[in-house]
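Reviewing the structure listed below.
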Amino acid sequence: MAEEKKTRANISFAAIDPYLEQNIVLPTEKPLMGKDIISWGDGNAYPDYLTDLVLTSPTLRSVIGGTVDFICGDDMVILPLREGLDGGKMNNRGDLITGQVRSIARDEEKTGGFALQVIRDFTGAVAEVYYVDIRFIRTNKDCSVFWYCEDWKKGGRKSTVMYPAFIPGLEKKWAQLSEEERNRHASSILFVKDIETQVYPAPAYCAAVKACETERCIADFHLSAIQNSFTPSMVINFNNGVPSDEMKEEIEEAATEKFGGSANAARVMFSWNPNKESATTIEVPQTEDFGERYQALEKSVRQQIFTAFRANPNLFGIPTESLGFSQEEYESAFRLYNRTRVRPVQRMICDAYDRIYGRPGVLTIKPFSLTDTATETNVE
C-alpha cells in the first residue's frame, strides 16, 4: 500500500488546462482602469462571446432565430413621425422600421437588451432613430453616459465616441437649455435591458451557457474524431526522468500535433516519471463505445437550452420523441410561448419607441399567426 502511494506521488501531468478557463467568458462587471466605463465580461468580451456562441450552437441559433420571427410578427406599422420620413423610414439613411425592429429583437434575444441612437433637430424634437449594435456599447455604473467603440478588446483606446443617455420629454425643456447642453443632447443613446440588478443585460439562456458550449464541443469532438480516423485517446509515459519545463512544452506540442488533431478529439495525456529503470511507454486505454453516451448528452443539453427559454422544441422545427404532437398541441405550445416570451419582448420594443416619441401607440406589431386570419393589434 505504501509503495502504491509512493508511485502515485511521483507521477505528474503537465499542460492540461481546464476548458472553462480558456473558452467560457464570464459576465463580470468592473470599472476599466482609470475610467468610469464598466467592462462587460472578462476582457470586455462578453457580448462578442455570446455572438460566437449563437453562431456555433445549432439549438441556440434555432431558438433565437425562431423567436425573432415570432417577435417581428407578420407585419409592423409605425405612425407618421415627421415630414420627409414616411413608409416606415426611421432616418435619412432610409432604414425601415421592419429592419430596425428585427435587429433590436435579435440583440435582445442574444444579449437581453438593445440600443438605439436618437437624433434631435434644432427644436429638440426627435428627427431620426438609428439601430446601434449593442456589442459596441459600454456605459458607466448608473447608465447615464455611453461609449461607442467597435473594438473593446483593445480597451476602447481608439475611435471611442461618448453619448449621453436619452432623456424622454427633453424637447419640452429644449428652449431652456444652454447651447452646450443642446449640442450634447443632440445625439443620445436609449439603452434598454431586461434586468435592473446589474449594469448590463443578461440573456434568457444565461444559465444554459455551459449547455450551449457542450453542444458545440460535441460537434467539434465528432469532427475531430473523423479527421483522426477515430483514433482513441492515449497516455504517453516518459519514465526516464523529468526534463525542464521548456523541454516538456516542446515534446508535448510535437506529440499533440502528431496524434491529437486540430480539435484534440483524441487528446494526448503526458506523464513525466523520474523512474530511470523503465523506457518510455505508450498506453492506449480501453474505451467503450461513446455513441449512446453522446446521444444522451446531446438530448440533455438541448433540453437545458429549451428550458432556459421555456420553449417547446417543436416550435422551432426540432421534433421531440413523442410522435403524437398534434396541431392543437402545437397551437397550445405557441400560445404559451407567445404569452410568456414573445409578447413581453414586443412590449419592451414598443415601449422604447413610445418613450422616444413621447406618445403611446407609436409602433404597432401584427402578431405572428399560424393561420392567415390574424388581425392587426397594438401590443399591450
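The values are calculated or read from the model by the stated rules, or taken from the named source; none is laboratory data. Note that the structure is predicted; figures quoted are calculated from it, not measured. In this analysis, Cβ positions are derived from the backbone assuming ideal geometry, glycine residues included, and neighbour counts consider all displayed protein chains.
Miscellaneous remarks
- Scanning region 183-195 for residues that are of a type outside the set (A, V, I, L, M) and within 17 Å of E109 (Cα to Cα) turns up F191, K193, D194.
- Qualifying residue in region 64-87 (condition: at pLDDT below 95, assigned to a loop (DSSP other than H, G, I, E, B), surrounded by 21 or more Cβ atoms within 10 Å (Cβ to Cβ) and within 21 Å of the chain's Cα centre (by Cα)): no
- Test: residue in region 51-58 that is at pLDDT below 90, surrounded by 18 or more Cβ atoms within 10 Å (Cβ to Cβ) and of a type in the set (V, I, T): no
- Of all residues making up region 174-208, the number that are assigned to a helix (DSSP H, G or I) and surrounded by 14 or more Cβ atoms within 10 Å (Cβ to Cβ): 7
- Filter result for T197 (farther than 19 Å from P27 by Cα and either at pLDDT below 95 or outside the structural domain of N44 (by TED's automatic domain parsing) (or both)): no
- Matching strands (runs of 3 or more DSSP E) fully within region 105-153 where at least 2 residues are free of Cβ contacts under 8 Å to residues at least 40 places away in the same chain and farther than 26 Å from A175 by Cβ: none
- Checking P285, P344 one by one, the residue that is of a type outside the set (K, R) and modelled with pLDDT of 90 or more is P344 and no other.
- Of all residues in region 95-104, none are in contact (Cβ under 8 Å) with a residue 60 or more places away in the chain, in the same structural domain as L50 (by TED's automatic domain parsing) and assigned to a loop (DSSP other than H, G, I, E, B).
- Residues of region 200-239 that turn out to be closer than 21 Å to Q303 by Cβ, at pLDDT 85 or above and among the aromatic types (F, W, Y), as a count: 1
- Residue satisfying all of: in region 25-48; assigned to a helix (DSSP H, G or I) and surrounded by 21 or more Cβ atoms within 10 Å (Cβ to Cβ); nearest to the chain's Cα centre (by Cα) among these: P47
- Tallying residues that are among the polar types (S, T, N, Q), out of contact with any helix residue (DSSP H, G or I) (no Cβ under 7 Å at 6 or more places or on another chain) and farther than 17 Å from F191 by Cβ within region 111-134 yields 0.
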